[in-house]
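The block underneath contains the structure these notes are about, expressed in structure tokens.
Taken together, the values in this text are just the output of simple stated rules run on the coordinates, not laboratory data. Keep in mind it's a predicted model, so treat the numbers as computed, not measured. So basically every Cβ, Gly included, is an ideal-geometry build from the backbone, and we count neighbours across all protein chains shown.
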Amino acid sequence: MILSNKIQWPNGARCACAITFDVDADSLIHISRPTDGFDRLSPISMGRYGPTVGVPRIVETYRRLGLKQTFFMPAWVMEQYPQAVDTILQGGHEIAHHSYLHEDPSAQSDAEQEYWFDKATDVHVAMTGQKPRGYRAPVYNVTQKVIDRLIARGFLYESSLMADDNPYVMRTDAGELIEMPVHWGNDDWPPFAHYAEIGYLMPVRAPSDGLRAFFEEFDAAYEAGGFWMPVLHPFLTGRLARWMQMEKWLEQVRTRDDVWFAPLEDIARHVQAEHRAGRGVRVENLPYYQRPVHLGR
């Protein structure tokens with residue numbers, strides 16, 4: 001058995017898929033350069049491409065192919081780009097929690113985490129009419145305090161950790177949460193990001209070369225009967241040549257009748273139901289460690 005954490009997908013589907021986009025826009029330059037980021041026009045414009053050009057392009061492809069998917073948005077981005085929020089919601093897609101201004105929760109006190117987390121949730125409620133069901137930490141830097149807060153706030157799923165190929169259950173003393181696992185091999189920062197202001201200078205790859213890694217990850221998930229979830233950004237993969245490659249690939253995959261594309265919320269609810277029915281979804285118990293680990297006697 002290739003997958004030890006095997007999940008049966010609905011209606012005989014062989015593979016469950018969610019194309020997730022982190023719509024960070026220009027929050028990245030403001031959080032990384034708080035004193036002068038407002039005047040760094042080039043990275044601002046690069047980020048703005050995401051909600052103003054990339055998101056409408058992506059949502060139109062989804063409309064044409066009959067897809068409903070998930071977008072993670074910092075709440076500040078939602079406030080700055082309400083048209084992008086409307087475009088996503090009108091397409092029937094999910095908008096999930098992704099901080100307020102892409103702040104790193106591991107660099108905050110618990111009180112700071114709580115304040116900005118709840119402020120972001122309030123923006124979601126005001127702009128979408130409901131609380132977000134899922135969360136992804138900026139730079140995947142989720143902490144135990146964040147996990148406990150998600151459970152306390154009634155979240156369904158989290159998507160920052162990497163302990164399995166398939167979704168699994170995270171159990172703490174506070175309760176349970178479905179983890180929708182990420183991995184850098186399914187993230188478009190390594191092949192496409194070139195962002196001097198935050199110290200990320202990668203050799204930018206050709207669209208066909210960079211996206212080939214994601215397609216090969218899908219092939220493996222399909223063969224094993226697993227879960228495929230790329231983590232993409234509209235200002236990276238939403239650009240013209242890259243999205244044309246993705247669109248052509250999606251057109252081919254959509255001809256199959258055994259691939260289940262759904263928002264993360266729907267996949268997480270299915271996994272939760274399988275778990276509650278006792279059908280073998282793997283459980284990770286948290287916290288992993290109670291105190292720092294050191295060399296010593």
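How would you classify the range 226-295 from its alpha-carbon gyration tensor, with a ≥ b ≥ c the square roots of the eigenvalues: rounded for a/c under 1.5, else prolate if a/b is greater than b/c, otherwise oblate? In terms of gyration-tensor shape, oblate. Can you bin the range 148-297 into rounded, prolate or oblate? Criterion: square roots of the alpha carbon gyration tensor eigenvalues sorted a ≥ b ≥ c, rounded for a/c under 1.5, prolate for a/b above b/c, oblate for the rest. Oblate.
Per the Debye calculation on the range 71-129 with a single equal scatterer at every Cα and no solvent contribution, log₁₀ I(q)/I(0) for q = 0.18, 0.21, 0.26, 0.28 Å⁻¹ amounts to -0.57, -0.74, -1.02, -1.14. From the largest down, the range 15-143 spans 42, 32, 30 angstrom on the principal axes of its Cα atoms.
Where only DSSP H runs of four or more residues are counted, the chain gives -12000 deg cm²/dmol as its mean residue ellipticity at 222 nm, each run worth -39500 (n - 2.57). Of F215, F155, the sequence from fewest to most neighbouring Cβ atoms within 10 angstrom is F215, F155. Where a Cα-Cα gap under 23 Å defines reach, which lysines qualify for K131, not counting those fewer than 8 residues away within the same chain? The reachable lysines, counting only those whose Cα sits under 23 Å from K131, are K68, K119, K145.
Kindly identify the range 135-237 as rounded, prolate or oblate by the Cα gyration tensor criterion: order the square roots of the eigenvalues as a ≥ b ≥ c, call it rounded if a/c is under 1.5, otherwise compare a/b with b/c, prolate if a/b is larger, else oblate. The shape class here is oblate. Restricting the calculation to alpha carbons of the range 86-177 gives Rg and Dmax of 13.2, 39 angstrom. As a rough footprinting exposure proxy, the listed residues D26, D209 were ranked by other beta carbons within 10 Å of their own, and the order from fewest upward is D209, D26.
Of the listed values (i) 18.7, 63; (ii) 19.1, 56; (iii) 18.0, 57, identify the label whose number matches Rg and Dmax of the Cα atoms in Å calculated from this model. The value matching this structure is (i).
Neighbour counts of other Cβ atoms within 10 Å put D22, D164 in the fewest-to-most order D164, D22.
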